[in-house]
Amino acid sequence: MTASAYLVTVGAVPSADGDGAAVATALAGAGVAVVARAFVEDDETALERALGPSDALTVVLAGGGGSAGDIVRRVLARVTGTRLVLNDRVLGALEEWYRRHDRPLPRRAERLGLLPQGASAWVTTDGEAAWVLESSRGTFAVLARDAGVETMIAQHLVPFARAWAGGHGPVLLRTLRTVGLSPVEVEERLVDWLGREGEVTVSTIPAEGEVWVRLRARASTHAEAAAALSKVEAALGAALGDDCYGRDGETLEQVVGRMLLERKLTLAVAESATGGLLGHRLTSVQDSSGYFERGVLAHSNHAKEEMLGVPESILRAHGPVSAPCAEAMARGVAELASATCGLAITGVTGPDGGSPTKPVGTVFVGLVLHGRAVGRRFVFAGDRAAIKWQSTQAALDLLRRSLGDTP
C-alpha cells in the first residue's frame, strides 16, 4: 500500500513551477507518491474541492503573507471544524524576521499569525513559517511560496512525510481534548507515553484554553491499528481523568450542551466581561434551544443591580469584579429565567482597568446549580480577545465538572 499525496498550488500560476517540482521530488524520496496536482486561484470553493481525501497527505503551496495565505487558513479551519487562533511560534518567527531586516512589524502581523486550532508550526530562518494540521478530515501541510521553501522542505516536510508514510499501512488518529491543565501538567501525566516508539505515538498540542493529546496509530491492517489505538487511548484517558472532556472534533460547549439535555436542565447566563461570547458559544450548538433559556449582558453596576438583582452592598464591599458579585449575577439570571442553572462571568479583560489586587486578566466565574452557588477566581494572560475566550472556557468547564457531579 503506497502512501499518496495531493499537491495544490494557490494563487497565480507560475511559469515554471520549481517549488511544486521540489515538493513532489522530496515526497517521492520520503516514500509518498504525488497522485494529483492542482492549480487554483485565490478562491475558497476551488481550494476546498482540490483538497485530497482523508487518507492522503495534502501539501498546499501558497503565498503565506497575501490573500492566498488567508484563504488557506480559512478553508482548512472550516473543513476540519476548528477555529483560527493566534500561534505564538508563528508570531515570534514574524517578529524575528522583521527584526533581522530592520523593519517595523506591520500592524497586520497578528492576523498573519492565525492558524487553525491544533496546527503545528514549522519555522526556519530562511522564509515564512509553514504549518501542518492533522485531523480526521485529512493531513495538511501548508508551505509558503518563497525563497525559503527548499529549506522548509528539507528540514520539516521530508521528515514529517517519512514518518507519516512509515510502513505504508493505515493510520488512525485520535485527539483527546483536555481543559484546566497546562501543557506541562499534561506532559507530566503522560511522560511514560510521550516520545515512545511503537504502533501508537503520542504528542501534545497546546490549544487556546486547552491542551490536546494526539494519538497516531499505524499498523499493517485497519483492525490492528484500531486495537492498538483503543488500548493506548484507554490508558491515557485514565491518566487524564475528568480533565479530559472529549475527543476528536468535540467542543466544550457541545459536551456541556449534551450533559444539560441528558439531565433535562435549563441554563441562563450573565456576562459582564465577555460581551456575549459565552452565549454565542452555547447557542452555536445544534439543539441548544432545548436547554439555553436566555443571556444577559450587564456591564455597568447599575445594570447588575437593575437586571440581575445584585445587591448594592456586594458591589460596594467587594466590587463588580469579585466572587460574591459573580455568584449574585448567576443567582439573579437563574431566578430571572426560572432556569435550573445560572452561569456568570465578570472580570478585567484589559488592556486597562487593572489594579494591584485585581490585575488585567483577573476573572471570576459564578455558577448556580439547583440553588447552590459557587464562585471561582482565575487569572489569564494575553490580549483582550484571549482573556475573553479563556474566561468562557473556564465558565463552561466549571459547569461541566459540576454537572458531572449531578445525577
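If we scan segment 136-159, do we find a residue that is farther than 23 Å from R216 by Cα, among the β-branched types (V, I, T) and surrounded by fewer than 20 Cβ atoms within 10 Å (Cβ to Cβ)?
Yes; the residues of segment 136-159 include at least one that is farther than 23 Å from R216 by Cα, among the β-branched types (V, I, T) and surrounded by fewer than 20 Cβ atoms within 10 Å (Cβ to Cβ).
Tell me, which residue of segment 218-235 that is crowded, with 19+ Cβ neighbours inside 10 Å and in contact with a helix residue (DSSP H, G or I) (Cβ under 9 Å, 6 or more places away or on another chain) is nearest to G249 (Cα to Cα)?
If we take residues in segment 218-235 being crowded, with 19+ Cβ neighbours inside 10 Å and in contact with a helix residue (DSSP H, G or I) (Cβ under 9 Å, 6 or more places away or on another chain), then R218 is nearest to G249 (Cα to Cα).
Take segment 98-119 and flag every residue that is among the basic types (K, R), more than 30 Å from G249 (Cβ to Cβ) and modelled with pLDDT under 80.
R107
What is the residue count in segment 109-166 for residues that are of a type in the set (V, I, T) and part of a strand (DSSP E or B)?
Number satisfying all stated conditions: 3.
Table: residues versus (1) more than 21 Å from S203 (Cα to Cα); (2) among the hydroxyl-bearing types (S, T, Y); (3) buried (at least 18 other Cβ atoms within 10 Å of the Cβ).
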position: V75; (1), (2), (3): yes, no, yes
position: T82; (1), (2), (3): no, yes, yes
position: V85; (1), (2), (3): no, no, yes
position: A121; (1), (2), (3): no, no, yes
position: G127; (1), (2), (3): yes, no, yes
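State all residues of segment 364-385 that are among the hydrophobic types (A, V, I, L, M, F, W, C) and under 21 Å from the mean Cα position of the chain (by Cα); if no residue qualifies, say none.
Hits for segment 364-385 are F378, V379, F380, A381, A385.
Since L133 meets every condition but one in (1) touching a Lys or Arg at 6+ places or on another chain (Cβ under 9 Å); (2) buried (at least 19 other Cβ atoms within 10 Å of the Cβ); (3) of a type outside the set (K, R), which condition does it not meet?
Of the numbered conditions (1) touching a Lys or Arg at 6+ places or on another chain (Cβ under 9 Å); (2) buried (at least 19 other Cβ atoms within 10 Å of the Cβ); (3) of a type outside the set (K, R), the odd one out for L133 is (1).
Within segment 200-217, identify whether any single residue is of a type in the set (D, E, K, R), surrounded by 13 or more Cβ atoms within 10 Å (Cβ to Cβ) and without any contact (Cβ under 8 Å) to a residue 60 or more places away in the chain, and answer yes or no.
no
Here are the criteria: (1) under 15 Å from A239 (Cβ atoms); (2) modelled with pLDDT under 90. Tell me which single one V171 does not satisfy.
(1)
Which residue is farthest from T139 (Cα to Cα), if the candidates are limited to segment 192-237 and must be assigned to a loop (DSSP other than H, G, I, E, B) and modelled with pLDDT of 90 or more?
D192
Among the candidates A381, A373, single out the residue that is of a type in the set (A, V, I, L, M) and either closer than 19 Å to T274 by Cα or not in a strand (DSSP E or B) (or both).
That would be A381, the only listed residue that is of a type in the set (A, V, I, L, M) and either closer than 19 Å to T274 by Cα or not in a strand (DSSP E or B) (or both).
Considering only residues that are assigned to a helix (DSSP H, G or I), more than 30 Å from K264 (Cα to Cα) and either of a type outside the set (D, E) or at pLDDT below 95 (or both), which ones fall in segment 309-361?
S313, I314, L315, R316, A317, H318
Being assigned to a loop (DSSP other than H, G, I, E, B) and either touching a helix residue (DSSP H, G or I) at 6+ places or on another chain (Cβ under 9 Å) or touching a residue at least 24 places away in the same chain (Cβ under 8 Å) (or both) is the filter here; which residues of segment 265-298 pass it?
The answer is L265, T266, S272, A273, T274, G275, S284, V285, Q286, D287, Y291, A298.
Can you find, within segment 347-401, the residue that is nearest to P324 (Cα to Cα) among those that are of a type in the set (S, T, N, Q) and without any contact (Cβ under 8 Å) to a residue 24 or more places away in the chain?
Only one residue fits best here, namely T357.
The values are calculated or read from the model by the stated rules, or taken from the named source; none is laboratory data. Model, not experiment: these values are computed from the prediction. Virtual Cβ from ideal backbone geometry, glycine too; neighbours counted across all protein chains shown.
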